[in-house]
Amino acid sequence: MTKRIALISEHATPLGIFGGVDSGGQNVYVGQLAKHLAAIGYDVDVFTRRDGDLPEVVEWQYGVRVIHVPAGPPRSLPKEALLPYMGEFTAFVLDWCRAQGSYDLIHANFWMSALVAAEIKRAIGTPFVVTFHALGRVRRLHQGSADQFPDERFAIEDRVVREAD
């Protein structure tokens, strides 16, 4: 039986146009990870926030689907504005898991994706790992008041580190 992995990347889709604001390294990383996991036999679903008129499910590569999550308005938003929509994101992914079957593992990319993964683990027991790509305290140290993420990011990062598998 094929193992199933969900990659959660709330703001960075592998379908993104690279080089724009919030479109670059994480998009490439998530896309390459998904492709390589599929190449060694995993079925991979990438959950990312919808920001336009793309279909809900895109069969992207052999063994890789990109699933556009309806969380927040269907337009591009800066990642700093996405935290209020993570409850909607979580509810969608949970409904998807209950309807389509759960995953063997969730790999969260970024702290907000880890928040979603932690809630899914609590609800249905799916283990998760997290790649932060950037840490809030380091960002704040270097950007100071230019950092637009909410202070609650620090506590969320601390919590998901403790809860990750």
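The values are calculated or read from the model by the stated rules, or taken from the named source; none is laboratory data. The structure presented is a predicted model; accordingly, all values stated were derived computationally and were not measured. Positions of Cβ are backbone-derived with ideal geometry, glycine not excepted, and every protein chain shown enters the neighbour counts.
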Please determine whether any residue of region 90-97 is closer than 28 Å to Pro150 by Cβ, at pLDDT 95 or above, buried (at least 20 other Cβ atoms within 10 Å of the Cβ) and of a type in the set (Ser, Thr, Tyr).
yes
Of Thr2, Thr90, Thr13, the only residue that is among the polar types (S, T, N, Q) and within 19 Å of Glu119 (Cα to Cα) is Thr90
Enumerated helices (runs of 4 or more DSSP H) restricted to region 38-147, each holding at least 2 residues that are free of Cβ contacts under 8 Å to residues at least 12 places away in the same chain
86-100, 136-143
Go through Val28, Val57 for me and flag whichever is surrounded by fewer than 17 Cβ atoms within 10 Å (Cβ to Cβ), over 22 Å from Asp147 (Cα atoms) and at pLDDT below 95.
Val28
All but one of (1) in contact with a Ser or Thr (Cβ under 8 Å, 6 or more places away or on another chain); (2) surrounded by fewer than 16 Cβ atoms within 10 Å (Cβ to Cβ); (3) at pLDDT below 95 hold for Phe110; which doesn't?
(2)
